[in-house]
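To start, the structure under review is shown below, and the notes come after it.
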Amino acid sequence: MLVRPHEKIHYSAGASIGAAKALQVIRRANIAGAGIGGLTAALALARQGVEVCVFEQAPALGEVGAGLQLSPNAMKVLTNLGLQEAVNEVAFAPQYARIRDGKSGRDLAVLPLKDQCEKVYGAPYLHVHRADLHKILEEAAGQQGVRVKTGSTVTGYTDVGLLANGVEQVADLNIGADGIRSAITAQMHPQFGPRFTGQLAWRGTVPTADLPDGLIPPDATVWVGRGSHVVTYYLRGGKLVNFVAVEERDDWQNPDWRVQGDPADLLARFSGWHGDIHTLLGAARSTHLWALFDRPELPDWSDGSTGLLGDACHPTLPFMAQGAAMAIEDACVLTRCLTQGSPSAAGALQHYTRIRKPRTARLQSRARNNAALFHLDGPFHGVVARAKLKVAGSLPDRLGLRPFDSIYGYDATTVAL
Ligand SMILES: Cc1cc2nc3c(=O)[nH]c(=O)nc-3n(C[C@H](O)[C@H](O)[C@H](O)COP(=O)(O)OP(=O)(O)OC[C@H]3O[C@@H](n4cnc5c(N)ncnc54)[C@H](O)[C@@H]3O)c2cc1C
């Protein structure tokens, strides 16, 4: 096992003397899962001098062909990790968050993102291709000496390490960042399995050149309708349009998010929708189906020196675009707890859980509530939901964004520990 000499450890600005003590205890960390959460944690820990090994079940690293919205709270962490420039190069900055009626195409609410986010929250709101962000994280982690072992399935943990392909891998700290079907969570909390939410997402991208000019607004647009909604936004500086079309449906519960769907079926399912949505979905050459699962709030996120992070402990429905952002924040706060807080892995994990759990539970609940809003559920066939959206959208710029202050204004790099 390679242990870096103490002299090579680089401490972040402002790290206390306690940090040196903590890092002497955490020399080696194992992470299950090389998703966005696992790689962010790997990078953050490696930057503090920890020797990190990531075990990924997939035979090769990569991500699905879909987009990701990175709100200011996520961007603050990525910037702190030195990735802002790399992300900017592949991103698209939306002008507004827009909510539209899926049938008439009328705007119900419009909120400024580009003008306000930097000014109010100190970081931009960006859209990226998942594969681009994944690559950026993978490269940055590699440069910090992180080892990623693909084709390594983690089946559980022991008192001292992770079990990868049946072999115990010993480390001072073990992290389960292995997503909604986490093997680590299953061992830690066997009674709290993932549950299907009755929603299915169709995801895909369409080259902008294949669409009529100006068809899709340069915004994060949610087209709302009875029992379904569609999200559209640009990626890669505007070269691609990303779509997520969600419908309430219980006949598709396949947990694999890489399953191809039939674009003709997708189009038929949204046949009564606005012509712009028809044109967009009609231009999709491929689409992936993703059944949306949830998990009840877990009582705790750690067991000794093994802890959980991201979807493994708080899967968040995509209706606030915050699941990956929460995993990114987790990685930052966990690393800070290890370097600036408790001198033991177990203590730091408990401290991290206390800080993170209330926030992620609130986000999970807000995302669940948005399903009802976007699907125009509730009294009088959605009249109330429409009215709520309209009121939100009629507020002046800064006031309209206020409900998002606690989300976008959060700074995991400085939040009190
Ligand atoms: C349709 C949709 C749109 C979304 N849009 C957004 C958005 O705009 N913004 C946002 O912030 N979030 C969004 N999310 C949420 C976001 O995708 C997730 O919250 C995020 O990917 C979670 O990251 P993670 O690293 O925790 O888990 P994952 O991304 O699931 O990564 C887990 C990794 O662990 C690996 N793994 C699993 N089991 C094992 C094992 N036993 N052994 C080894 N490796 C294993 C997997 O192969 C994978 O690489 C969206 C989600 C959906 C469904």
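The table for this structure:
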quantity	calculated
Set Ala371, Ala387: member being part of a helix (DSSP H, G or I), over 22 Å from His127 (Cβ atoms), out of contact with any Leu (no Cβ under 6 Å at 6 or more places or on another chain) and at pLDDT below 95	Ala387
Any hit, the range 260-280, residues being part of a strand (DSSP E or B), more than 26 Å from Val87 (Cβ to Cβ) and either within 13 Å of the ligand (Cβ to nearest atom) or out of contact with any Cys (no Cβ under 7 Å at 6 or more places or on another chain) (or both)	yes
Residue check for Ser271: farther than 18 Å from Gly323 by Cα, without any contact (Cβ under 8 Å) to a residue 40 or more places away in the chain and not acidic (Asp, Glu)	yes
Within the range 344-356, tally of residues that are crowded, with 24+ Cβ neighbours inside 10 Å and either among the aromatic types (Phe, Trp, Tyr) or farther than 17 Å from Ala41 by Cβ (or both)	1
Index of the failed condition, Met326 passing every other in (1) surrounded by fewer than 21 Cβ atoms within 10 Å (Cβ to Cβ); (2) part of a helix (DSSP H, G or I)	(1)
Selected residue (criterion: farthest from Ala66 (Cα to Cα)) from residues of the range 132-160 that are of a type outside the set (D, E, K, R), buried (at least 19 other Cβ atoms within 10 Å of the Cβ) and within 14 Å of the ligand (Cβ to nearest atom)	Tyr157
From the options Ala220, Ala268, residue that is within 16 Å of Gly102 (Cβ to Cβ), of a type in the set (Gly, Ala, Ser), touching a Phe, Trp or Tyr at 6+ places or on another chain (Cβ under 8 Å) and modelled with pLDDT of 95 or more	Ala220
Selection from the range 161-184 of residues that are under 25 Å from Gly347 (Cα atoms), within 10 Å of the ligand (Cβ to nearest atom) and under 23 Å from the mean Cα position of the chain (by Cα)	Gly176, Ala177, Asp178, Gly179, Ile180, Ser182, Ala183, Ile184
Failed condition for Ser228, given (1) within 14 Å of the ligand (Cβ to nearest atom); (2) within 20 Å of the chain's Cα centre (by Cα)	(2)
Test: residue in the range 92-105 that is within 20 Å of Val244 (Cβ to Cβ), of a type in the set (Gly, Ala, Ser) and more than 16 Å from the ligand (Cβ to nearest atom)	yes
Residues of the range 121-162 that turn out to be under 15 Å from Leu61 (Cβ atoms) and hydrophobic (A, V, I, L, M, F, W, C), as a count	8
Residue that is farthest from Ser302 (Cα to Cα) [pool: residues in the range 329-343 that are surrounded by fewer than 24 Cβ atoms within 10 Å (Cβ to Cβ) and of a type in the set (S, T, N, Q)]	Gln340
Selection count, the range 241-258, where residues are under 20 Å from the mean Cα position of the chain (by Cα) and part of a strand (DSSP E or B)	6
Any hit, the range 73-85, residues being farther than 22 Å from Gly179 by Cα, in contact with a helix residue (DSSP H, G or I) (Cβ under 9 Å, 6 or more places away or on another chain) and within 13 Å of the ligand (Cβ to nearest atom)	no
Residue count for the range 287-325, restricted to those that are at positive phi and under 14 Å from the mean Cα position of the chain (by Cα)	2
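The values are calculated or read from the model by the stated rules, or taken from the named source; none is laboratory data. Because the structure is predicted, anything quoted here is derived from the model rather than measured. With ideal geometry, Cβ positions are generated from the backbone for all residues, glycine too; neighbour counts draw on all protein chains shown.
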